[in-house]
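Right, one structure below, let's go through it.
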Amino acid sequence: MAFVVELVAGCGRPSKLRSRKGRSAARRDRHYMTNQSPSTNDRLPVVEAPGKTGVGDISERVRNFMKRAPGDPLSGLMRADEMWLKMRMKTGKEPVSAVVKEIPTENFADIDFDVLICGGSLGIFLALSLAKRGLRVAVVERGRLIGRDQEWNVSRKEMKTLIEMGLLTDEDIEEAIVSEFNPERVSFKGMDDILISDVLNCGVSPKWLLERARTRFVDELGGTLLEEHRFEKAGIGRSGVQVILRVQSGASGSLGSGGAGTEGKSSSETVTLRARLLVDAMGNFSPIVQQQRAGEIPEGVCLVVGSCARADWPSNDEGDLLYSFTPIEGNLQYFWEAFPSNSKGGPSDLRTTYMFSYLDTNIQRPSLAEFYDAYLNWLPEYQGKQIDEIEPIRALFAAFPTYKNSPLETKFDRLLMFGDSSGIQSPLSFGGFGAMLRHLKRIDLAVSEALKYDALDKGSLKLMSPYMPSLSVTWLFQRAMSVPAARKVADPDIINKVLRSNFTSMDRMGDSTLRPFLQDVIQFPGLTRAITGMMTDPVLVWKILNHVGLVALLDWWVHYVALAIYDVRHSFLAATESSSLSLTFEQKRLRESLKFGSGRDYYEE
């Protein structure tokens, strides 16, 4: 499972995955832990329901830490907390703005572009691929198209997609990668470490990558980029879609999951553009997504906080992919990640650390500020440095909503969701760059063929966002790694026990089982082997069933059976492969849905 925020990932060595038994304590003392008892730390307090005008108290510890970081992260934290509060207060009955409307009688005579993409951070990569095919493409970005400073996590194999598609060169990729390291640790309280290599261990600079993609798109391929233009509304006619954009200035950062961005100042000037296809790449909080989800409440949330900080770290040449060392407290299980940052040129004193939890949107859940205080409370034990011994460079915080109704199908002709807007990422991930790369080839081909055959009705476009059992089965893991807010916890170590059993079982079965799982790709054979391996402990199995609940288990069983069916159907079609030239648009999309829905796309280099 790609548990990271796409910050850092593989670099040039043959893929290796290995387990080192009996070294947990030694590595914790040397590298990560100060071997303190958890009882010496303050517990996260029971949180009172916040008032409608507040986002929870901000501790002095958090305020002092934020003041030491460049910029004004405290204001960003408060804005992000307002978004998180709105999510927790949501009832599903709130009015939703209708920003997209159908105009069936309208036949637009002049079409400016084949494809208009709103949202540039991920949309620029689809724009680049479509422009390379000779299509007329425009990208709209509400601020300036500038990548963030914090790195994205991918593997070298995933970045290779951009080379294979001819979007970037080998030299470009080398420039984009600013961090690399091996190995990474997976471990849970009371468990021997599992060490892996070349999974999410290259840190890619979004700032450099987006600037290079922008140059390729605009200067080399003649694409159109409209910065500081905010999507306002769209009307869908018979021959195209008309989009109204509002010119603005001063917008920056993300208004979505991170919530730390700024709206910008809108002007009275608007721009009207017409295209054959509108692509929404504006993320989870896109007004188009909000309209299509019609007030839907997220079934899950990944709350994540962290920092990139400079210090004389005990060791900074390895990382944590998924780690926990505390029991459940306050109905939250804390998970951790840690990576060297900006380390490609040699040893670095910069290190990124995250603490995250999977939870629901119950109003009793802690604010991001309170969650950040818990992060600062446990960070010294986790990394072996007191807070006053580290120099914060960036403070990081976000609430990422996840929906079972994913991937999100369009309800309109000539409208397609892409990236985070589509909900294509796993509910266990908190970032969409890796998921976007995984599906980029598929979406690029499908969109180009939809334009070629004029298959732009909603029925045809829904085929690009098909049901994927490999995605849906991950919801049980999200449920197993979380605790409902109102539940009384009988065994505070139940989540650690479940994960110890699961990952130990997968580790015994080797690379083919564990590696896809760690990269958010679930396949029927590997999943079945992992479940079979856990059956050796019937007492734990019973505890797991009690923890996840019968309803969640039955729901998962439906997707598990579907995963088996998709796996068999894909294997059969692969064995009887016919020329793609003889397949219809619908048949090609069906084959893609079976491949990706079974997780069998993972083996493609």
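The values are calculated or read from the model by the stated rules, or taken from the named source; none is laboratory data. Keep in mind it's a predicted model, so treat the numbers as computed, not measured. Cβ atoms come from the backbone with ideal geometry, glycine included; neighbour counts cover every protein chain shown. Protein only, heavy atoms only, side chains kept; ligands, DNA and RNA dropped before computing areas. Shrake-Rupley method; radii C 1.70, N 1.55, O 1.52, S 1.80 Å.
Could you bin all the Cα-Cα distances of region 362-402 into 10 Å bins starting at 0 and give me the percent of pairs in each, rounded to whole numbers?
Calculated P(r), rounded to whole percents: 23, 49, 23, 6.
What is the gain in length, in nm to one decimal, between ASP317 and TYR467 on full extension, counting 0.36 nm per residue of separation less the C-alpha to C-alpha distance?
Working: separation 150, 0.36 × 150 = 54.00 nm, distance 4.00 nm.
Net length gain for the segment: 50.0 nm.
Once the dipole of the chain is set up with Lys and Arg at +1 and Asp and Glu at -1 on Cβ about the Cα centre, which of LEU527, VAL561, SER121 lies farthest towards its positive end?
VAL561
Per the Kirkwood definition applied to all pairs of different Cα atoms, how many angstroms is the hydrodynamic radius of region 477-542?
Working: mean 1/r = 0.0781 Å⁻¹.
Computed over region 477-542, the radius equals 12.8 Å.
Using the alpha-carbon atoms, what tilt in degrees (0 to 90, nearest 10) does helix 538-548 show relative to the longest principal axis of the chain?
Approximately 50 degrees, to the nearest 10.
When the convex hull of the Cα atoms of the chain is projected onto a plane and the area is averaged over all directions, what value comes out in nm²?
On the way: hull surface 105.1 nm².
Seen from a random direction, the Cα hull of the chain projects 26.3 nm² on average.
Each residue of region 527-532 in order: what ³J(HN,Hα) in whole Hz does its phi give by Karplus 6.51 cos²θ - 1.76 cosθ + 1.60, θ = phi - 60°, with x for Gly and Pro?
Residue by residue, region 527-532 yields 5, 5, 5, 5, 5, 4 Hz.
Just want the answer: with Cβ charges of +1 for Lys and Arg and -1 for Asp and Glu, which residue in LEU476, ALA109, GLN290 is farthest toward the dipole's positive end in the chain?
Most positive-ward Cα: LEU476.
About its Cα centre, what dipole magnitude does the chain give when the only charges are +1 on Lys and Arg Cβ and -1 on Asp and Glu Cβ, stated in debye to the nearest 20? Walk me through the numbers before you get to the answer.
Values: 74 positive and 76 negative charges, 204 e Å.
That gives the chain a dipole magnitude of about 980 debye.
Which value, in debye to the nearest 20, describes the size of the charge dipole of region 75-126 about its Cα centre when Lys and Arg Cβ atoms bear +1, Asp and Glu Cβ atoms bear -1, and nothing else is charged? List each step's numbers first, then the result.
Working: 6 positive and 8 negative charges, 115 e Å.
The calculation lands at about 560 debye.
What do you get for the angle between helix 73-89 and the principal long axis of the chain? Use alpha-carbon atoms, 0 to 90 degrees, nearest ten.
Relative to the chain, helix 73-89 is tipped by roughly 80 degrees.
Would you mind estimating how fast region 83-183 diffuses translationally, via Stokes-Einstein at 25 °C and 0.890 mPa s with the Kirkwood radius over Cα pairs, in µm²/s? Don't jump to the answer; show the numbers that get you there.
Details: Rh = 17.8 Å.
Diffusion coefficient, whole number: 138 µm²/s.
If R0 is 30 Å, what FRET efficiency do you get for ARG68 and LYS207 from their C-beta distance, rounded to 0.05? Intermediate results must be reported in sequence, preceding the final value.
Numbers: r = 23 Å, r/R0 = 0.76.
Efficiency at R0 = 30 Å is approximately 0.85.
Return the distance in nm (one decimal) between the two label points of a simple spin-label model at LYS90 and LYS160, each offset 7 Å from Cα along Cα→Cβ.
For the pair LYS90/LYS160, the computed spacing is 3.8 nm.
Kindly provide the pair-distance distribution of region 314-442 built from C-alpha pairs, with 10 Å bins from 0 and whole-percent values in order of increasing distance.
Per 10 Å bin, starting at 0, the Cα pair percentages come out as 10, 33, 32, 19, 6, 1.
Leaving out ligands and nucleic acids, and using a 1.4 Å probe, what accessible area per residue does the chain come to in Å²? Intermediate results must be reported in sequence, preceding the final value.
Values: 23510 Å² over 605 residues.
For the chain, the per-residue accessible area is 39 Å².
Search the structure for amide H atoms under 5 Å from the amide H of LYS344, placed 1.01 Å from N in the peptide plane, and list their residues when 5 or more places away or on another chain.
SER179, GLU180
Which listed residue (SER460, TYR375, LEU350) has the Cα farthest towards the positive end of the charge dipole for region 335-468, taking +1 on Lys and Arg C-beta and -1 on Asp and Glu C-beta about the Cα centre?
SER460
Quick one: Cα convex hull volume of region 151-238, Å³ per residue?
On the way: hull volume 18.1 nm³, N = 88.
Hull volume normalised by residue count: 206 Å³.
Would you mind checking the tilt of helix 206-215 against the longest principal axis of the Cα atoms of the chain, expressed as 0 to 90 degrees and rounded to 10?
In the chain, helix 206-215 runs at an angle near 20 degrees to the longest axis.
Which FRET efficiency, nearest 0.05, do ARG310 and GLU82 yield, Cβ-Cβ r, R0 30 Å?
On the way: r = 30 Å, r/R0 = 0.99.
For R0 = 30 Å, the calculated efficiency reads 0.50.
Multiply the residue gap between ASP149 and ALA490 by 0.36 nm, knock off their C-alpha separation, and tell me the result in nm, one decimal place.
118.5 nm
With a Förster radius of 56 Å, plug the Cβ-Cβ distance of ASN546 and ASP457 into 1/(1 + (r/R0)^6) and report the FRET value to the nearest 0.05. Kindly include the intermediate steps, with their values, before the conclusion.
On the way: r = 47 Å, r/R0 = 0.84.
About 0.75, to the nearest 0.05.
Only four residue types carry charge here, +1 at the Cβ of Lys and Arg and -1 at the Cβ of Asp and Glu. Report the dipole size of region 457-568 about the Cα centre in Debye, rounded to the nearest 20.
On the way: 11 positive and 9 negative charges, 46 e Å.
Once rounded to the nearest 20, the dipole reads 220 debye.
If you plug each phi of region 417-425 into the Karplus form 6.51 cos²θ - 1.76 cosθ + 1.60 with θ = phi - 60°, what whole-Hz ³J(HN,Hα) values come out, in order, with x for Gly and Pro?
Per residue, the Karplus-derived 3J(HN,Hα) values read 9, 9, x, 4, 4, 7, x, 7, 7 Hz.
Based on a Kirkwood Rh over C-alpha pairs, give the Stokes-Einstein translational diffusion coefficient of region 439-576 at 25 °C and viscosity 0.890 mPa s in µm²/s.
On the way: Rh = 17.3 Å.
So the translational diffusion coefficient is about 142 µm²/s.
May I ask you to give the percent of accessible area on the chain that is carbon plus sulfur, with a probe radius of 1.4 Å?
Values: 12480 of 23510 Å².
Reported share for carbon and sulfur atoms: 53 percent.
Stretch GLU389-LEU590 to full length: gain in nm at 0.36 nm per residue minus the Cα-Cα span?
On the way: separation 201, 0.36 × 201 = 72.36 nm, distance 5.53 nm.
Full-extension gain reported as 66.8 nm.
Put one equal scatterer on each alpha carbon of region 526-605, apply the Debye formula with no solvent term, and list log10 I(q)/I(0) at q = 0.14, 0.18, 0.24 1/Å to two decimals.
So the normalised log intensities are -0.63, -0.85, -1.17.
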